[in-house]
């Protein structure tokens, strides 16, 4: 507090003795005011101290609450990191399908079949006998594959050569003469192609044919679907017409759509015309395979 001036000294030097009583009254009043001021100040200071104590308690409570909140968030973050790692691990099993979707997008947007072809060739094989050769493709993970039965005609043995150039002995399972389909078996753990629903094939859609024309292994030709349900051998309306180039050696190879699925097995062409190739529709391939496997293996494969 500021230093108080001495009222008595001021009265002695500046006032006459007749004012002493008045001075005492003023001094008493002043003293009272000072005492009241000191009391009020003390009360206010005490209130501030009390309030400060309360505020300190509130701050402590808030700090405790904040610490608990932070710990909860840290725990949640740790759980999220663990869940993310699990999702990344599980995503590892889906990379193949993601790649397939990307390849499909490339084929649709830029008419670039390179990704589709790269994947599809892994499920295609060269079929070789002692008298000739053709093409075939694997239809499931157990190593069953199909080709045209006329590819095997006159042969005493049959081998399959995969995209790695590995020559594998193939087991003959059976054939369907009407649909010109033969079923073979090689060891499992092979890449295979999926059969599409040929009822959904549309005229004008782009396709590729993979085969071994004139001994040129894993050659690819591109075309479109020129017609569907064409009449072929045995008067069956079961053939897709395509302008994709087909030559001797393509027999038994797959006709593939932009999704990389088989819509037909390349079977024959009309020699007197150009770009008139025909493939047995995939739904008839399924029927033939199940008929053969039921008869010879007592089970259906597809």
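Taking the Cα centroid of segment 135-187 and of segment 242-274, what is the distance between the two, rounded to the nearest whole Å? The two parts, judged by their Cα centres, are 17 Å apart. Working from label points 7 Å from Cα in the Cα-to-Cβ sense, the residue 188 to residue 141 distance is 0.8 nm. Size descriptors for segment 124-185 (Cα atoms only): Rg and Dmax, in that order, 10.5, 33 Å. Potential lengthening of the chain between residue 165 and residue 200 amounts to 9.2 nm, from the contour at 0.36 nm per residue minus the alpha-carbon distance.
With both labels modelled 7 Å from their Cα along Cα-to-Cβ, the residue 178 to residue 224 distance reads 3.4 nm.
We did not get these values from a lab; they are worked out from the coordinates using the rules stated. Bear in mind the structure is a predicted one, so any value in this text is a computation, not a measurement. Reconstructed Cβ throughout: ideal geometry from the backbone, glycine too, with neighbour counts over all protein chains shown.
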